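Please read the structure below before turning to the comments.
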């Protein structure tokens with residue numbers, strides 16, 4: 001009885017719509033007229049759509065850049081918090097997590113001003129060192145790096161997870177290694193990293209899934225108004241943004257459903273590969289393997 005409300009919500013709001021979208025992916029449907037069976041036409045169109053290829057390229061480029069940078073920077077912040085200890089760590093932990101509570105649309109609008117090529121604070125900061133900043137929001141070569149830079153604003157959740165893992169590393173292991181003459185770098189590589197590898201593995205999977213579903217900030221920055229949409233062209237076209245356009249701008253619900261299911265299968269495949277490959281590198285205290 002206690003689980004029943006959750007089960008009802010799961011069926012009504014998740015499993016039901018997923019099954020409906022799977023059926024719709026084999027139809028032509030515009031929300032106005034009744035669905036018309038189209039077989040695999042939507043999937044065939046998807047394979048030949050040049051915008052799909054561009055959206056996939058942008059999404060993969062962003063994911064490859066964002067995920068490693070986010071994990072490395074979050075780990076650096078977590079190590080800093082671990083060294084602080086006491087109340088200092090609590091204060092900075094709160095500060096680092098605050099950006100995670102900021103609405104994504106607000107973050108997108110904020111960085112639209114920060115990355116402005118003429119008067120943005122990022123380029124003004126670079127000018128202090130004699131560096132001429134690029135046109136982050138209009139130059140196609142710099143739009144994706146600018147989006148990666150914006151996404152590094154929100155590292156709070158990853159930092160907190162890694163900080164919690166660091167706090168659970170037994171101090172006696174590091175002390176024993178220090179007595180044996182191991183330096184700080186050797187202790188980090190041989191003790192700290194293996195002990196926090198389950199947390200690193202978890203944030204790797206979560207950040208990869210999140211990156212492949214990137215939408216809110218990009219849409220707010222480049223597709224929320226006509227000016228930025230025209231200036232960016234397809235340089236900021238991410239897969240989920242294109243899916244949203246097909247569904248709610250052009251009312252191609254059948255095609256959008258096919259796009260959604262392809263994304264679901266790709267994410268499932270990537271997660272499975274990460275689990276099979278990365279699970280072998282993860283250290284568990286009890287000796288279990290992923």
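Only one residue in 162, 189, 193, 200 is in a helix (DSSP H, G or I), out of contact with any helix residue (DSSP H, G or I) (no Cβ under 9 Å at 6 or more places or on another chain) and farther than 30 Å from residue 53 by Cβ, so which one is that?
Working: 162 fails: out of contact with any helix residue (DSSP H, G or I) (no Cβ under 9 Å at 6 or more places or on another chain); 193 fails: out of contact with any helix residue (DSSP H, G or I) (no Cβ under 9 Å at 6 or more places or on another chain); 200 fails: out of contact with any helix residue (DSSP H, G or I) (no Cβ under 9 Å at 6 or more places or on another chain).
Going through 162, 189, 193, 200 in turn, just one is in a helix (DSSP H, G or I), out of contact with any helix residue (DSSP H, G or I) (no Cβ under 9 Å at 6 or more places or on another chain) and farther than 30 Å from residue 53 by Cβ: 189.
Per-residue answers, yes or no, for (1) farther than 30 Å from residue 197 by Cα; (2) at pLDDT 90 or above:
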{"residue": "54", "(1), (2)": "yes, yes"}
{"residue": "75", "(1), (2)": "no, yes"}
{"residue": "96", "(1), (2)": "no, no"}
{"residue": "104", "(1), (2)": "no, no"}
{"residue": "113", "(1), (2)": "yes, no"}
{"residue": "123", "(1), (2)": "yes, yes"}
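Give me the pairs: first residue in segment 166-177 and free of Cβ contacts under 8 Å to residues at least 60 places away in the same chain, second residue surrounded by fewer than 16 Cβ atoms within 10 Å (Cβ to Cβ), beta-carbon distance under 8 Å, and six or more apart or on different chains, which are they?
Close Cβ pairs satisfying both conditions: 177/186; 177/190.
Search segment 58-72 for residues that are closer than 22 Å to residue 96 by Cα and pair each with any residue that is surrounded by fewer than 16 Cβ atoms within 10 Å (Cβ to Cβ) when their beta-carbon atoms are under 7 Å apart and the residues are at least 6 apart or on different chains.
Close Cβ pairs satisfying both conditions: 69/152; 70/152.
Among the listed residues 46, 22, 15, identify the single one that is in a helix (DSSP H, G or I), surrounded by 13 or more Cβ atoms within 10 Å (Cβ to Cβ) and modelled with pLDDT under 95.
On the way: 22 fails: modelled with pLDDT under 95; 15 fails: surrounded by 13 or more Cβ atoms within 10 Å (Cβ to Cβ).
After ruling out the rest, the residue left standing is 46.
State all residues of segment 72-128 that are over 22 Å from the mean Cα position of the chain (by Cα), surrounded by 14 or more Cβ atoms within 10 Å (Cβ to Cβ) and outside any helix (DSSP H, G or I); if no residue qualifies, say none.
If the condition is that a residue be over 22 Å from the mean Cα position of the chain (by Cα), surrounded by 14 or more Cβ atoms within 10 Å (Cβ to Cβ) and outside any helix (DSSP H, G or I), then 116, 117, 120 are the ones that fit.
Quick one: would you say residue 226 is surrounded by 18 or more Cβ atoms within 10 Å (Cβ to Cβ) and either within 30 Å of residue 134 (Cβ to Cβ) or modelled with pLDDT of 85 or more (or both)?
Numbers: surrounded by 18 or more Cβ atoms within 10 Å (Cβ to Cβ): no; either within 30 Å of residue 134 (Cβ to Cβ) or modelled with pLDDT of 85 or more (or both): yes.
No: the conditions fail for residue 226.
Applying the selection to segment 25-43, what residues are free of Cβ contacts under 8 Å to residues at least 24 places away in the same chain, assigned to a loop (DSSP other than H, G, I, E, B) and on the phi < 0 side of the Ramachandran plot?
Filtering segment 25-43 down to residues free of Cβ contacts under 8 Å to residues at least 24 places away in the same chain leaves 33-34, 36-37, 39-41.
Pick out the ones that are also assigned to a loop (DSSP other than H, G, I, E, B) and you get 33-34, 39-40.
Those that are free of Cβ contacts under 8 Å to residues at least 24 places away in the same chain, assigned to a loop (DSSP other than H, G, I, E, B) and on the phi < 0 side of the Ramachandran plot: 33, 34, 40.
Residues of segment 254-284 being at pLDDT 95 or above and either under 18 Å from residue 48 (Cα atoms) or outside any helix (DSSP H, G or I) (or both), which ones?
Across segment 254-284, the qualifying residues are 254, 255, 256, 257, 258, 259, 260, 261, 262, 263, 266.
Taking the condition of being part of a loop (DSSP other than H, G, I, E, B) and either surrounded by 12 or more Cβ atoms within 10 Å (Cβ to Cβ) or touching a strand residue (DSSP E or B) at 6+ places or on another chain (Cβ under 7 Å) (or both), how many residues in segment 169-182 meet it?
Quick first cut of segment 169-182, residues part of a loop (DSSP other than H, G, I, E, B) only: 169-170, 180-182.
Next, only the ones that are either surrounded by 12 or more Cβ atoms within 10 Å (Cβ to Cβ) or touching a strand residue (DSSP E or B) at 6+ places or on another chain (Cβ under 7 Å) (or both) stay: 169, 182.
Counting residues in segment 169-182 that are part of a loop (DSSP other than H, G, I, E, B) and either surrounded by 12 or more Cβ atoms within 10 Å (Cβ to Cβ) or touching a strand residue (DSSP E or B) at 6+ places or on another chain (Cβ under 7 Å) (or both) gives 2.
If I go through segment 129-142 residue by residue, how many of them are touching a helix residue (DSSP H, G or I) at 6+ places or on another chain (Cβ under 6 Å) and assigned to a helix (DSSP H, G or I)? Talk me through it step by step, then tell me what you get.
Taking segment 129-142 and keeping what is touching a helix residue (DSSP H, G or I) at 6+ places or on another chain (Cβ under 6 Å), we get 133-134, 136, 138.
The next check asks that each one be assigned to a helix (DSSP H, G or I); those that pass are none.
Counting residues in segment 129-142 that are touching a helix residue (DSSP H, G or I) at 6+ places or on another chain (Cβ under 6 Å) and assigned to a helix (DSSP H, G or I) gives 0.
The values are calculated or read from the model by the stated rules, or taken from the named source; none is laboratory data. These numbers were taken from a predicted model, which means no experiment stands behind them. For neighbour counting, all protein chains shown are included, and Cβ atoms are generated from backbone atoms with ideal geometry for every residue, glycine included.
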